[in-house]
Structures are given as structure tokens and as C-alpha cells.
Amino acid sequence: MTAPTLTPPTWTATPASPAATPAGPAATASHAQRITGMACRNCGLAQPLAVAYVCPACFGPLEVTYDYDVIAATLTRETIASRPPGIWRYLELLPVDAPPARSLPVGSTPLLRSDRLAPVLGVDRLWIKDDTRNPSLSFKDRPAAIAAARAVDFAVPALACASTGNLAGATAAAAAAVGLPAYVFIPADLETAKVDHALSYGATVVPIDGTYDDVNRLCLEIADETGWGFININLRPFYAEGSKTLAYEIAESLGWRSPDVVVAPVASGAMFTRVARGFEELAEIGLIERRPIRFVGGQAAGCSPVATAYEAGTDVIEPVRQPDTIVRSLAIGNPADGRYAVELARDSGGSVEAIADAVTAELIRDVARLEGIFPETAGGVTLGAVAAARRRGVIHKDDEVVALLTGNGLKTPDARTLGVAAGVGLAPVLRPSLSAFEAWLAAQS
Amino acid sequence: MAGGAVVSTVRIPPTLRTATGGEKLVSVPGGTVREVIRGLVDAHPGLESQLLTQDGDLNRFVNAFLNDTDVRHLQALETHVGDGDTLVLLPAMAGG
């Protein structure tokens with residue numbers, strides 16, 4: 001039997017074409033009504049919308065604030081169902097006034113029932129949210145699209161980012177779509193495929209001799225001096241909101257309900273925590289029933305400051321100075337939202353798991369051969385976290401589990417071969433003759 | 001204090017510059033990171049609530065870098081500061 005696939009409406013838009021309007025003005029709560037500004041997550045100080053990310057009173061993070069009563073009065077399941085696919089179908093819950101004039105076709109990725117992989121991980125009901133299929137092949141297209149839209153509104157002269165790889169491509173692609181120059185800062189030893197990917201969109205790639213955390217620190221200083229729109233720094237309050245759309249799509253794909261467990265990779269912790277907020281928002285405006293969801297995070301064992309804090313029973317994150325893992329996309333030693341990620345895992349009854357690289361590579365191979373989905377390294381970590389949380393008892397055998405595979409394996413092509421002989425599955429070069437083929441085939445049995 | 005003659009430079013992020021009268025670079029005496037930050041706050045009292053907890057520790061939303069190294073990878077606030085060193089104060093909530 002073919003495994004079911006739950007997919008929002010099929011894409012018809014051409015990439016980089018003007019985005020379809022999800023709803024007319026009459027059906028959409030205006031900016032002035034539904035977006036109330038920004039506020040500090042720590043002290044609550046209200047601030048106007050701007051290219052800003054730090055509370056001037058306490059240095060805490062600024063976040064976009066909404067009037068959920070206004071949103072609940074205008075956004076219904078039927079309204080969403082009537083709109084084209086993509087993240088803008090949830091416009092009222094996003095920090096933009098209207099769908100941008102130009103935007104890549106981001107989101108509406110499928111939720112795939114994964115019955116062949118499920119027993120490998122020890123669970124009965126497993127769904128994979130296949131976010132390897134976004135325009136630049138990772139979930140980062142979601143936050144990048146929001147940040148790029150706001151960057152155009154704020155008329156910044158260029159887009160930029162500090163990246164472990166996936167955001168590099170996403171920023172470069174988003175900048176191409178909106179017609180802004182892109183500057184991408186990366187650790188100099190990043191995977192070649194990710195570097196080439198960003199270059200292909202016309203971005204200027206700036207390799208830095210250091211870890212991601214060195215890159216990030218430098219970019220904070222550059223952002224202060226240049227006025228560029230750094231997608232994950234001075235546009236971070238808008239950027240972070242993009243990951244909420246993963247929750248909206250999962251809920252819609254499941255028929256407007258939430259699963260028992262959501263498992264996601266944790267790098268900075270921004271996506272992990274915003275997915276949780278996405279589900280909370282849907283409950284707040286009445287689109288889903290409010291019920292407990294356990295949130296399980298996955299980190300690479302070679303860079304696991306959040307998992308370490310979880311195991312230690314603290315929310316104080318001790319930064320990792322020198323990550324040592326093949327999972328470069330999660331190699332953030334000093335995660336900005338680490339404390340919030342630990343709190344989410346603990347408060348929800350979930351966990352944060354540290355996964356060895358060998359397990360990550362094996363699960364990349366498993367999900368590819370069993371489900372036809374080829375994720376990059378963070379996907380292997382996520383699947384490892386499913387199995388680890390199952391062994392820990394955080395996930396029960398009959399739970400409905402959604403695992404987020406957030407990037408495409410073509411970005412990290414070497415990872416899948418870790419621990420296996422090179423060339424497994426690859427036949428020798430044959431002469432173009434039937435007899436040569438038959439001789440080779442006979443030798444296989 | 002032991003390092004009283006040592007003077008380092010503190011780079012002030014834009015969010016904090018109103019408290020320093022717009023100054024981006026401030027020279028501060030002090031032999032440790034703790035002494036430098038204390039000296040900075042004494043010179044610009046408006047920074048205290050942003051940089052320090054009531055116990056005198058660094059606010060968890062502030063990261064301090066001595067010559068581009070996170071002081072948590074050194075000896076944190078007790079890290080020795082040499083003459084001419086540069087201390088950079090940056091928001092913790094960024095990146096990823």
C-alpha cells in the first residue's frame with residue numbers, strides 16, 4: 001500500500017514571479033490592527049517596528065507582537081484553504097503587511113507518512129515534514145522570505161547573513177528574488193556544495209577563518225557599521241517568525257490538529273521555539289484544539305550545548321568553543337535561543353538529544369533508502385533524536401510523531417558515506433553490451 | 001587594584017551609545033574584564049542596568065569578547081586584561 005501523503009494545495013506559481021495575493025484587503029486584517037509593534041521578550045518594553053533586535057532597556061531580544069483577537073476575527077480555516085500554497089497563505093500570523101511583490105515559492109511542503117522508517121526508530125506513527133523541497137533546499141527559505149520582505153519595506157541597501165550553510169543559499173536566493181545584493185559570511189571550512197550554492201545566486205561569499213560563532217560575532221559588528229540588513233541579526237525579529245509556518249502547515253496537513261510529538265534539529269534554537277509558538281498561536285485563534293505537544297530537539301554530539309544543559313537540569317548554556325561534527329548546519333557553539341529551547345523541551349515533557357555522527361550518517365542512509373527522502377546532516381540528527389527520545393521514554397510507541405527534515409542531502413553529499421566503504425551500490429563501468437551486463441549481473445548473485 | 005594602570009578600549013554597540021554620549025570607543029582602566037566593565041559603568045551609570053545583574057555579573061543577554069574571544073572561553077569576568085586590549089560588548093540574541 002502506498003503511504004499517504006498530506007500536502008497542501010499544489011504550487012502553480014513560477015519561482016520569483018509576483019506572489020499571488022492570499023486575500024483582498026477586506027478579508028485581511030490591516031497591519032495597524034493585527035501587528036502591534038515589537039516588544040522585548042525579557043522586560044516587555046514596547047518598541048516600534050524597525051531594523052532593530054535589541055531592547056534598549058535590558059539588551060533582551062525584541063519580538064514582533066500581534067493582536068490575536070483581531071487575527072482570530074479574520075483568519076479562518078476556510079480563508080486559508082481558499083488561498084494559493086506557500087507561507088503567505090498564513091499572512092495574518094506573519095510580520096508583514098501584505099505578500100511581497102516578489103517572493104520565491106516557499107513552503108507548503110508535504111507531510112509524508114513514513115511507515116517504512118517508523119519501526120527503525122521504534123515508533124508506530126511517524127510523519128516526515130519534508131522541508132528539503134524549498135526553493136534553496138532548506139527550511140531557511142521560510143525565515144529568509146520574511147526577512148527579505150521586511151528588508152524591502154525598510155529599504156536596506158543589501159541583504160547579508162552569518163551562516164552555517166543553509167541560510168547562505170536561502171539569503172542569496174531571497175536577495176536574487178527581490179533584487180538586492182547579498183553578502184554571505186561563512187566559516188571558511190564549510191561544505192563546498194553550500195558555498196557553490198550561494199555563489200550560484202550571485203551572492204558575494206565571505207569566508208572567515210573561524211567557527212560559526214566567530215562569524216556571527218563579526219557580523220554583529222559589521223551590521224552595526226554598514227546598515228546592511230543581516231537576516232539573522234538586525235532583521236532577526238522578522239526572520240525568526242518565518243519558522244512558525246512549519247507549525248501552521250503541519251496542523252493544516254493533519255486536518256487542523258497537532259501531533260503528540262514534534263522533533264526538530266536545534267542549532268540556535270530559534271526554529272525549534274518558533275514552531276512551538278506557531279502551534280500555540282493556532283490554538284490561541286481557535287484554528288486547532290489546544291492540547292499538549294512534546295517538543296524534542298536534536299543536536300550533534302560534537303556540538304551539543306543545549307542537550308548538555310538539558311541533561312544537567314539547568315537552563316544555563318555553556319558555549320562550545322570548537323565544534324567537532326560533520327553536522328555543520330547545527331554547529332553553533334553559542335546558541336542564542338538555547339535557554340528558551342531547553343525551557344521548551346523541559347516544560348513540554350520533551351527532551352534534547354545529542355546524536356553521534358555515525359548514527360546521523362546511518363539514519364540519512366535509512367531514510368533515503370526506506371522513504372525516498374535524502375536529507376542533509378541535520379535530518380539525520382532529527383531522526384536520531386526520535387529514536388533517542390523513544391529509548392528515553394519521552395516518546396511512546398503509539399505516539400503520533402512529526403519529524404522535521406529541514407535540509408536537502410545534496411548540500412552535504414559526503415555525510416551519507418561516513419562509516420561505510422566508498423562506492424557501495426556503485427557498479428563498475430561496463431562496456432555497452434548486453435553480454436557485459438549479464439556477466440556483471442551473474443557475478444552479483 | 002592590581003591592574004589599575006592598565007587601560008583597555010571598550011567598543012560600545014549602538015544600542016548602548018546613548019548612555020556614553022554617542023561614543024563608540026571608550027578607554028577604561030582595569031586589570032580584569034570585571035574591573036573594566038565596572039569602570040565603564042562607573043563612568044557611564046546609564047549602562048549599569050543593561051550590562052550587569054544586581055549581583056554584579058554580566059547580564060545574560062550581553063556577551064563580552066576580549067580581543068575577539070568570548071570571555072566565557074577564557075576566565076569569564078576574571079579574565080586578565082592587558083594594556084591596549086579591546087573588549088567588545090555585543091547582544092547575545094543573534095544568529096542561527
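The values are calculated or read from the model by the stated rules, or taken from the named source; none is laboratory data. Keep in mind that what you see is a predicted model, and the values were worked out from it rather than measured. Cβ atoms come from the backbone with ideal geometry, glycine included; neighbour counts cover every protein chain shown.
In this structure, does residue A:132 turn out to be buried (at least 24 other Cβ atoms within 10 Å of the Cβ), of a type in the set (S, T, N, Q) and not in a strand (DSSP E or B)?
Values: buried (at least 24 other Cβ atoms within 10 Å of the Cβ): no; of a type in the set (S, T, N, Q): yes; not in a strand (DSSP E or B): yes.
Answer is no for this residue.
Conditions tested, residue by residue: (1) surrounded by 21 or more Cβ atoms within 10 Å (Cβ to Cβ); (2) under 25 Å from residue A:222 (Cα atoms); (3) aromatic (Phe, Trp, Tyr); (4) at the interface with another protein chain (Cβ under 7 Å from one of its Cβ atoms).
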{"position": "B:43", "(1), (2), (3), (4)": "no, no, no, no"}
{"position": "B:55", "(1), (2), (3), (4)": "no, no, no, no"}
{"position": "B:89", "(1), (2), (3), (4)": "yes, yes, no, no"}
{"position": "B:95", "(1), (2), (3), (4)": "yes, yes, no, yes"}
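Each residue in region B:61-87 was checked for being facing chain A (nearest Cβ under 9 Å) and touching a His at 6+ places or on another chain (Cβ under 9 Å), and 0 pass. Can you go through A:100, A:119 and tell me which one is over 19 Å from the mean Cα position of the chain (by Cα) and in contact (Cβ under 8 Å) with a residue 24 or more places away in the chain? Only one candidate qualifies: A:100. In this structure, does residue A:164 turn out to be among the β-branched types (Val, Ile, Thr), more than 13 Å from every other protein chain (Cβ to nearest Cβ) and in contact (Cβ under 8 Å) with a residue 12 or more places away in the chain? Answer is no for this residue. Tallying residues that are more than 13 Å from chain B (Cβ to nearest Cβ) and either assigned to a loop (DSSP other than H, G, I, E, B) or under 21 Å from residue B:61 (Cα atoms) (or both) within region A:325-341 yields 3. Scanning region A:407-432 for residues that are loosely packed, with under 10 Cβ neighbours inside 10 Å and of a type in the set (Val, Ile, Thr) yields A:424, A:429. When the helices (runs of 4 or more DSSP H) confined to region A:6-121 are screened for residues that are surrounded by fewer than 20 Cβ atoms within 10 Å (Cβ to Cβ) and at pLDDT below 95, those reaching at least 3 such residues are found at A:31-34.
Determine which member of the set B:34, B:38 is under 24 Å from residue A:333 (Cα atoms), more than 14 Å from every other protein chain (Cβ to nearest Cβ) and assigned to a helix (DSSP H, G or I). Outline the logic, then answer.
Numbers: B:38 fails: under 24 Å from residue A:333 (Cα atoms).
When all the criteria are applied, what remains is B:34.
Those residues that are within 30 Å of residue A:359 (Cβ to Cβ) and part of a loop (DSSP other than H, G, I, E, B), I need them from region A:420-445; list them, please. Those that are within 30 Å of residue A:359 (Cβ to Cβ) and part of a loop (DSSP other than H, G, I, E, B): A:420, A:421, A:422, A:423, A:424, A:425, A:426, A:427. Only one entry in A:320, A:266, A:261, A:306 is aliphatic (A, V, I, L, M), within 14 Å of another protein chain (Cβ to nearest Cβ) and touching a residue at least 60 places away in the same chain (Cβ under 8 Å), namely A:266.
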